[in-house]
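Peer 1: Here it is: the structure, laid out below.
The values are calculated or read from the model by the stated rules, or taken from the named source; none is laboratory data. Worth saying up front: this structure is predicted, and the values here are computed from it rather than measured. So basically every Cβ, Gly included, is an ideal-geometry build from the backbone, and we count neighbours across all protein chains shown.
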Amino acid sequence: MKIVIAELVDIFKIEPIFNLYRNFYGLDTDRDSALNFLRQRLEKNESIIFYVQKGPDILGFVQVFRTFSSASLTKVLILNDLYVIESSRQQGVASALIQKVLDYGRKEQCSRVSLSTAHDNPAQELYEKIGFRESTFKFYNYTL
């Protein structure tokens, strides 16, 4: 299993699994829009994408966004997208991707890696096993 940090030329390899991720959340496949989104994030250096490649196959990916915390005056990573193809689940792919993100965060001196997940996402068990904990801060999340 090889974990690669994506470059602009990799978006064509990543797009099919990126659309599978979107399908998982009930969204339609849109190749052109997905490629455009990935291209913009990488061109503008707005995200980091790691992917697992085994031979010619992409088994999973994670997309991380950089941000900052005004309260702690530090850099923060948001683990925004994580997906592993069904046939490669329960084989350590997601754990390896998350570990890569945590290593990257330490290297970049980030104070934390945050993520949000659906209430019914079975990956919660993995997140907790790795050490993520549900936030105990007294915050509500709002969306408009």
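Peer 1: Quick test of your reading of the structure: ASN45 fulfils all but one of (1) of a type outside the set (D, E, K, R); (2) over 16 Å from the mean Cα position of the chain (by Cα); (3) on the phi > 0 side of the Ramachandran plot. Name the failing condition by number.
Peer 2: Going through the list (1) of a type outside the set (D, E, K, R); (2) over 16 Å from the mean Cα position of the chain (by Cα); (3) on the phi > 0 side of the Ramachandran plot, ASN45 breaks only (2).
Peer 1: Same structure, new question: I'm checking my understanding of the structure. Among residues of region 128-144 that are of a type in the set (Phe, Trp, Tyr) and at pLDDT 70 or above, which one is nearest to SER70 (Cα to Cα)?
Peer 2: TYR142
Peer 1: If you scan region 52-66, which residues turn out to be of a type in the set (Phe, Trp, Tyr) and without any contact (Cβ under 8 Å) to a residue 12 or more places away in the chain?
Peer 2: none
Peer 1: If you don't mind, there's one more thing I want to ask. Kindly indicate the residue of region 25-42 that is among the aliphatic types (A, V, I, L, M) and over 25 Å from ASN121 (Cα atoms) and also farthest from the chain's Cα centre (by Cα) among those meeting that condition.
Peer 2: LEU35
Peer 1: Report whether or not VAL52 is modelled with pLDDT of 95 or more, over 22 Å from GLN109 (Cβ atoms) and surrounded by fewer than 12 Cβ atoms within 10 Å (Cβ to Cβ).
Peer 2: no
Peer 1: Output the residue which, of all residues in region 67-85 that are in contact (Cβ under 8 Å) with a residue 40 or more places away in the chain and in a strand (DSSP E or B), is farthest from ILE130 (Cα to Cα).
Peer 2: SER69
Peer 1: When the residues of region 82-101 are filtered to those that are of a type in the set (Val, Ile, Thr) and more than 14 Å from ILE58 (Cβ to Cβ), which remaining residue is surrounded by the most Cβ atoms within 10 Å (Cβ to Cβ)?
Peer 2: ILE98
Peer 1: I would also like to ask the following. Got a number for residues in region 15-58 being within 17 Å of GLU86 (Cβ to Cβ), out of contact with any Gly (no Cβ under 6 Å at 6 or more places or on another chain) and either aliphatic (A, V, I, L, M) or assigned to a helix (DSSP H, G or I) (or both)?
Peer 2: Within region 15-58, residues that are within 17 Å of GLU86 (Cβ to Cβ), out of contact with any Gly (no Cβ under 6 Å at 6 or more places or on another chain) and either aliphatic (A, V, I, L, M) or assigned to a helix (DSSP H, G or I) (or both) number 10.
Peer 1: Here is a further query. Of all residues in region 113-126, count the ones that are under 16 Å from LEU77 (Cα atoms) and either modelled with pLDDT under 70 or hydrophobic (A, V, I, L, M, F, W, C) (or both).
Peer 2: Looking only at that region, the number is 3.
Peer 1: Restricting attention to region 4-28, report how many residues are in contact (Cβ under 8 Å) with a residue 24 or more places away in the chain and buried (at least 18 other Cβ atoms within 10 Å of the Cβ).
Peer 2: Looking only at that region, the number is 7.
Peer 1: Another question, if that's okay. Given the criterion closer than 17 Å to GLU15 by Cα, of a type outside the set (Lys, Arg) and in contact with a helix residue (DSSP H, G or I) (Cβ under 9 Å, 6 or more places away or on another chain), identify the matching residue among LEU77, LEU102, LEU82.
Peer 2: It is LEU82.
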